Amino acid sequence: MRFRWTKDLPGVTKGGPAGRITGARLVKEADIWHIVFRTERQVPAPVSHPGPQVGIDRGITVALALSDQTTREHGPWLTGGEKEHLRRLEKKSARQRRTRTPGRPTSKRLSRTYGQIAKVRATAKRRAVDWQHQTTTELADTFSVVVVEDLKITNMVRSAKGTIEQPGRNVRQKAGLNRAIAGEAWGRTVTLLEYKTRDRGGLVVKVPAPGTSQTCHLCGHRDAACRDGTRFSCANPACGWTGHADTNAAINISNAAGTVVSGRGDLGAARSVKRQPPRAA
């Protein structure tokens, strides 16, 4: 079988500890086939990561907000032309489905349209995964302890349709929010961070999520009204801190490292995790 190399195999086709190929499998993605190799090699045990600790708030307007007041953002996964092409394909598939006789096999034209839709969506996913890999690698190289919220994403993206007896409210808005959350793939970001920080001697810590976006990191005052979109204004007269809401949440997440829900990575780093004192802006 002929194939084109798109990535070197550590220890096999590039430098590093000598390794060997132990297996391979074919994976189909839209209209493209990939061959995935499984390799085996010996690597030294990771040493404790010397970098600092950081809290990360995952969002939609800002993809990743860090407690060091920096952000990691990305553009749309599809260009304007690609979005329009996808919209037309989806309308075309809807027309073709209306003319389909129930119970009959899917026509070749409809199958071809489905394949074109899958190809565009696969392009968007590849770009998203590429950005996540590059970003999480940079974060794992820089920080020894990465603190994130223990989000119940499955519960967050539940439909708001409700039932006939009790119909939901703001169904279309909630559906749009669910698509945006799914498009960011928050769970995949944490999964990538976990194994990359572990390989580098670091640690990913999950902390309770409630209150991180409603609490002032400087004085500890908690009020849902303090947050207005991406701006946070502390309602405590003695404090009055204002700034980016996602940065405030990220600092709270980092400060909550003493209330660990779970952690994966270096045990030495885990012992060093403790509640951080409030930091001035």
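The values are calculated or read from the model by the stated rules, or taken from the named source; none is laboratory data. As the structure is a computational prediction, the values presented were derived from the model and not from experiment. Don't worry about glycine lacking a Cβ; one is built from the backbone with ideal geometry, like all the others, and counts go over all protein chains shown.
Structure above, values below:
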item	result
Tabulated pairs, the range 95-122, first over 30 Å from H34 (Cα atoms), second aliphatic (A, V, I, L, M), C-beta under 7 angstrom, 6+ apart or interchain	Q96/L110; R97/L110; R100/L110
The range 182-195, subset in contact with a strand residue (DSSP E or B) (Cβ under 9 Å, 6 or more places away or on another chain) and not acidic (D, E), residue nearest to F143 (Cα to Cα)	L193
Check on L78, surrounded by fewer than 15 Cβ atoms within 10 Å (Cβ to Cβ), under 27 Å from R188 (Cα atoms) and either assigned by TED's automatic domain parsing to the domain that holds L203 or among the hydrophobic types (A, V, I, L, M, F, W, C) (or both)	no
Complete set of residues in the range 53-75 that are surrounded by 11 or more Cβ atoms within 10 Å (Cβ to Cβ) and among the small types (G, A, S)	G55, G59, A63, A65, S67
Residues within the range 68-79 that are farther than 18 Å from S144 by Cβ and assigned to a loop (DSSP other than H, G, I, E, B), tallied	8
Selection within the range 145-168 - more than 26 Å from D246 (Cβ to Cβ) and basic (K, R)	K161
Residue ranges of strands (runs of 3 or more DSSP E) in the range 22-67 with at least 1 members more than 25 Å from the chain's Cα centre (by Cα) and not assigned by TED's automatic domain parsing to the domain that holds S213	32-41
Condition check for T197: of a type in the set (S, T, N, Q) and touching a residue at least 40 places away in the same chain (Cβ under 8 Å)	yes
Matching entry among T230, T197, T215, T242 (being at pLDDT 85 or above, within 30 Å of V43 (Cα to Cα) and polar (S, T, N, Q))	T197
Selection count, the range 39-52, where residues are under 18 Å from A18 (Cβ atoms) and either surrounded by 11 or more Cβ atoms within 10 Å (Cβ to Cβ) or at pLDDT 90 or above (or both)	4
The lone exception for V12 - which of (1) in contact (Cβ under 8 Å) with a residue 12 or more places away in the chain; (2) in a loop (DSSP other than H, G, I, E, B); (3) closer than 30 Å to A249 by Cα it fails	(3)
Members of the range 229-246 found to be in contact with an Asp or Glu (Cβ under 8 Å, 6 or more places away or on another chain) and β-branched (V, I, T), listed by number	T230
Neighbours by Cβ (under 8 Å, 6+ apart or cross-chain): first from the range 49-67, under 18 Å from L203 (Cα atoms); second among the aromatic types (F, W, Y) and crowded, with 23+ Cβ neighbours inside 10 Å	H49/F143; G51/F143; P52/F143; Q53/F143; V54/F143
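For (1) more than 30 Å from T230 (Cα to Cα); (2) touching a strand residue (DSSP E or B) at 6+ places or on another chain (Cβ under 9 Å); (3) surrounded by 10 or more Cβ atoms within 10 Å (Cβ to Cβ), each residue gets a yes or a no:
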{"position": "M1", "(1), (2), (3)": "yes, yes, no"}
{"position": "D8", "(1), (2), (3)": "yes, yes, yes"}
{"position": "V27", "(1), (2), (3)": "yes, yes, no"}
{"position": "A30", "(1), (2), (3)": "yes, no, yes"}
{"position": "F37", "(1), (2), (3)": "yes, yes, yes"}
{"position": "S93", "(1), (2), (3)": "yes, no, yes"}
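Conditions (1) touching a Lys or Arg at 6+ places or on another chain (Cβ under 8 Å); (2) on the phi < 0 side of the Ramachandran plot, marked per residue:
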{"site": "Q69", "(1), (2)": "no, no"}
{"site": "P102", "(1), (2)": "no, yes"}
{"site": "T113", "(1), (2)": "yes, yes"}
{"site": "R121", "(1), (2)": "no, yes"}
{"site": "T137", "(1), (2)": "yes, yes"}
{"site": "K152", "(1), (2)": "no, yes"}
{"site": "S159", "(1), (2)": "yes, yes"}
{"site": "Q166", "(1), (2)": "no, yes"}
